[in-house]
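The values are calculated or read from the model by the stated rules, or taken from the named source; none is laboratory data. Computed from a prediction, not measured in an experiment: that's the story for all the values here. Note that we place each Cβ from the backbone using ideal geometry, even for glycine, and neighbour counts take in every protein chain shown.
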Amino acid sequence: MAQNPRAPVPPVDYTSRDWLGFREFMLRAAQQKVPEWETRKASDFGVLLVELFAYMGDILSFYGDRIANESYLRTAVQRRSVLDIANMLGYIPSRGSAATVTLQFSILDGATNTPDELFYIPACTQVQTKDNVDSAPVIFELDEDTFLDTALTPGQNDTVNVTATEGVKVQQESLGVSSGAANQRFVLAQSPVIEGTVEIYVDEGVGFTLWQRVNNLLEGGASEATYSLLTDETGVTVIRFGDDRNGRVPLVGSQIRANYRVGGGQRGNVEANKLVRLVEPLEGVLSVTNPLPASGGADPESLNEIRVNAPKALSTLERAVSLVDHANLCLRVPGVARATAVDQGVITNTQNIDLVVKATGGNNASTTLKEQVRKYIQERTMINHLVTVVDATDVQVDITVTVVVQENFSQQRVQEAVELNLARLLSFDRVDFNHRLTVSAVYNVIQSTSGVDYGAVDILARTGLNGVGDIEFIGDEFPRVGTITVNVSGGIQE
């Protein structure tokens, strides 16, 4: 007996997955299955059911596309997805950095608070900005103990300059007790945690000992006291221990504690003379202030920065041979957002390389961050390479344009929109070292702004120069917004 041949598989159109496409597909299928059902009126109950299923299919199709997009670094929009992909590539996004500042204390004449007749200001003394109705005060803590001999300048108000870092220290926070299971996780109670401040102590019966942090538990041996640290998309920090193959498991019943600091971000870059209040009064202190603004505070790495930096870091394979390798490896150091390497030539058989870095948020790197970058790269570069970490040379760009506004649009609003869009053209997340700013890019911004009839570029040049032309940034140069002037005519004057 001959077997019936298989029915042909109908073609599947993967580009037609919206409501209308599902509706037409189901109606055609119904015509083949139930040929006597001929009506296609909207009031027909069968048509209503088809349209309801098409609506459900449209929603499922939308979320299916969204889920697929979250699998790729370029198209993912959720921070969790981007962080997971970066982790898969071995890239650790920066969680931001805390600002530092120099504080100036004014001490009462002859004031002493120690047996040696010195005035003692303890580490972690907190100084904050004035209370603000709109936002919480910014708090800084002294980095170290300070002693002042007030007897050296009798009859005058004694002053002392000390360094302080934004944020609040959390000490001996109990994370819990080890269960003895592999891959245990413990959550730090407070956030955001400042990069590089976490210390984990484990008491396995002989007192609390400091465990070593590794970027990946695969770096730890079976008997090594190591842990890894992960910050999720909400900013919560999780501590993870090993499995006795990659990092050992804390013994059952071991107490686990953590020291760390919370804070960080650009909000810590307060202006001069804003830190004027002690959180807890200190007898003998007349006043406190910051003569200079705080600097170095940066927000966590943005999604766009992670998309750019993660593939670059992957390409180096933990070795620096070419200049591009050196620059890309810098991006593996938490806190570095942009980097380039400049060849300074050979001196006494040593290749000298300047590493030019920008911290997260566009600030210059702090002294601490520079040293971290230098050590990290020096361990991975060629034996005859000498690296030096330096600041970038910020180059400001002046842009002047003339715009004619369409007759039904507000002249003032179009002017403000053009100014904003031109400033975005040089925003930190859109530029990099060795950037090229073209005249066509400026024209594109003008013409793409709603309400613009037409326009012209009058000046596109480095600050202090005139003319119109493409600008190339080379070496240690980094583009910055200078003066933006938008001359407008036409439209509605309000």
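Some observations on this one:
- Candidates VAL431, VAL405, filtered to the one that is crowded, with 17+ Cβ neighbours inside 10 Å, among the hydrophobic types (A, V, I, L, M, F, W, C), more than 31 Å from the chain's Cα centre (by Cα) and not assigned by TED's automatic domain parsing to the domain that holds ARG338: VAL405
- Breaking point among (1) surrounded by fewer than 19 Cβ atoms within 10 Å (Cβ to Cβ); (2) on the phi > 0 side of the Ramachandran plot, for SER223: (2)
- Among the residues of the range 230-252, those that are under 23 Å from ASP299 (Cα atoms) and buried (at least 19 other Cβ atoms within 10 Å of the Cβ) comprise THR231, THR237, ILE239.
- Any chance ARG436 is loosely packed, with under 13 Cβ neighbours inside 10 Å and not assigned by TED's automatic domain parsing to the domain that holds VAL336: yes
- GLN372 being modelled with pLDDT under 95 and farther than 24 Å from SER302 by Cα: no
- The range 373-402 - residue that is in contact with a helix residue (DSSP H, G or I) (Cβ under 9 Å, 6 or more places away or on another chain) and of a type in the set (S, T, N, Q) and, of those, surrounded by the fewest Cβ atoms within 10 Å (Cβ to Cβ): THR388
- Of everything in the range 181-200 that is over 20 Å from GLY96 (Cα atoms) and surrounded by fewer than 17 Cβ atoms within 10 Å (Cβ to Cβ), the residue that is farthest from the chain's Cα centre (by Cα) is ALA181.
- Segments classed as strands (runs of 3 or more DSSP E), wholly inside the range 376-494, with at least 3 members that are in contact (Cβ under 8 Å) with a residue 60 or more places away in the chain and among the acidic types (Asp, Glu): 393-410
- Checked against (1) farther than 27 Å from THR360 by Cα; (2) without any contact (Cβ under 8 Å) to a residue 40 or more places away in the chain; (3) among the charged types (D, E, K, R); (4) not assigned by TED's automatic domain parsing to the domain that holds ALA272, ASP84 meets all criteria but (1).
- Residue in the range 231-253 that is in a strand (DSSP E or B), free of Cβ contacts under 8 Å to residues at least 40 places away in the same chain, polar (S, T, N, Q) and within 30 Å of GLN78 (Cβ to Cβ) present: no
- Restricting the range 209-221 to residues that are part of a loop (DSSP other than H, G, I, E, B) and at pLDDT 85 or above leaves a set whose member that is farthest from PRO334 (Cα to Cα) is TRP211.
- Candidate set: the range 268-292, residues that are surrounded by fewer than 16 Cβ atoms within 10 Å (Cβ to Cβ) and either among the charged types (D, E, K, R) or within 22 Å of the chain's Cα centre (by Cα) (or both); chosen: the one farthest from ALA98 (Cα to Cα): GLU283
- Cβ-Cβ contacts under 7 Å between residues 6 or more apart (or on different chains), taken from a first residue in the range 274-285 that is of a type in the set (Lys, Arg) to a second residue that is loosely packed, with under 15 Cβ neighbours inside 10 Å, are listed as ARG277/LYS130.
- Criterion (charged (D, E, K, R) and in contact with a strand residue (DSSP E or B) (Cβ under 7 Å, 6 or more places away or on another chain)) met by exactly one of GLU305, GLU283, GLU233: GLU305
- Pairs, first at positive phi in the range 329-352, second at pLDDT below 85 and of a type in the set (Gly, Ala, Ser), C-beta under 6 Å, six or more apart: GLY335/SER94; GLY335/SER97
- Considering the range 69-85, and only residues there that are over 14 Å from the mean Cα position of the chain (by Cα) and closer than 20 Å to GLY235 by Cα, the residue that is surrounded by the fewest Cβ atoms within 10 Å (Cβ to Cβ) turns out to be VAL77.
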